[in-house]
Amino acid sequence: MGTKIKPYKDSDLSKKAQVAQMFDNISEKYDFLNHFLSLGIDIGWRKKVVKIIGAQKPNAILDIATGTGDLAIMLAQLKPSKIVGLDLSEGMLAVGKEKVMAKNLSKIITMTQGDSENLPFESNSFDAITVAFGVRNFENLDKGLREMFRVLKPKGTLAILEFSQPESFVMKHLYGFYSKYILPFFGRLISKDNAAYTYLPESVAAFPYGKSFNAILKNNGFATIQNRPVSFGIATIYSATK
């Protein structure tokens with residue numbers, strides 16, 4: 001399963017290649033735009049993910065679609081022996097490596113380039129896996145989830161933070177206006193990439209959420225699945241175990 005929404009409609013590249021190109025293009029502005037366009041709310045969402053993962057006291061954590069490493073850096077407070085941050089984009093990883101070094105976390109966090117649909121790790125390698133705003137960008141969602149299941153240890157925890165869609169009438173329309181007009185305007189203005197912040201709301205609208213995504217997790221082997229909408233359903237945190 002995968003979504004057909006791609007960042008660059010006039011490109012013949014695969015979705016995977018386009019996503020890597022898009023994040024390379026916006027990597028230097030990504031952190032500023034991420035916190036600016038979310039009004040900093042995304043930081044609180046990540047803290048909730050850390051709390052879910054922390055309850056399991058994991059020793060080895062894999063952060064998929066780590067980007068510039070925000071979640072990986074937060075996870076370091078759990079004091080695991082290792083955190084691997086994996087991403088397709090060299091540009092995003094370059095920013096992330098600088099942040100990891102600046103916080104003296106290089107002994108704990110390893111930032112590595114890789115494909116989430118072909119994870120370069122042995123089966124049953126990690127106590128916990130996290131993904132923040134990444135699964136929506138997978139070319140083949142089922143393949144990516146099966147790979148997570150493979151490298152997760154038995155009884156291990158998966159936590160996914162992803163944008164969803166508010167269901168209340170007022171929030172649905174307010175968020176719709178923001179996504180369609182405000183977010184693309186400032187995204188284009190600051191990042192200089194005309195497609196990136198148009199792709200974001202389009203990909204959110206096309207992506208399954210809530211019970212629909214729960215069912216996809218179940219179909220790929222996961223159990224004890226929960227979804228927790230945050231900020232009136234603008235995003236949802238999914239948790240599951242192997």
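Overview of values
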item: For GLY156, distant residues with modelled amide H under 5 Å away; result: LYS242
item: The stretch 119-188, accessible surface, carbon-and-sulfur percent (1.4 angstrom probe); result: 61
item: Under Karplus coefficients 6.51, -1.76 and 1.60, residue-wise ³J(HN,Hα) of the stretch 73-78 in Hz, glycine/proline x; result: 5, 5, 5, 4, 5, 7
item: Dipole axis of the chain (+1 Lys, Arg; -1 Asp, Glu on Cβ), positive-most option in PHE163, GLN226, TYR197; result: GLN226
item: Area of VAL204 that stays accessible when all protein chains are in place (1.4 Å probe, Å², to 10); result: 10
item: Per-residue ³J(HN,Hα) for the stretch 125-132, Karplus 6.51 cos²θ - 1.76 cosθ + 1.60, θ = phi - 60°, Hz, x for Gly and Pro; result: 9, 10, 6, 8, 10, 10, 9, 10
item: Order of exposure, largest accessible area first, which applies to VAL50, VAL170 with probe 1.4 Å; result: VAL170, VAL50
item: Selected from VAL84, ALA65, ALA55, residue furthest toward positive end of dipole (the stretch 1-85; charges at beta carbon); result: ALA55
item: Kyte-Doolittle at least -1.0, axis length at least 24 Å by Cα - qualifying DSSP helices, the chain; result: 15-37
item: Rounded to 5, percent antiparallel among DSSP beta bridges of the chain; result: 40
item: Placed amide H near GLY85: partners under 5 Å, 5+ positions off or other chain; result: ASP63, THR110, MET111, THR112
item: For the stretch 1-85: accessible area per residue (Å², 1.4 Å); result: 49
item: Long-range HN-HN contacts of SER164 with modeled amide H, under 5 Å; result: ALA235, THR236
item: Antiparallel DSSP beta bridges within the stretch 50-191, percent to nearest 5; result: 5
item: THR157 accessible area, 1.4 Å probe, all protein chains in place, Å² to nearest 10; result: 10
item: Cβ crowding within 10 Å averaged over residues, with 105-112, 185-192 ranked highest first; result: 105-112, 185-192
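The values are calculated or read from the model by the stated rules, or taken from the named source; none is laboratory data. What you see is a predicted model, and the numbers here were worked out from it, not measured in a lab. Positions of Cβ are generated from backbone atoms using ideal geometry, with glycine treated the same way; all protein chains shown enter the neighbour counts. Ligands, DNA and RNA are stripped out before the accessible areas are found, and what is left, the full protein with its side chains, is counted by its heavy atoms. Shrake-Rupley method; radii C 1.70, N 1.55, O 1.52, S 1.80 Å.
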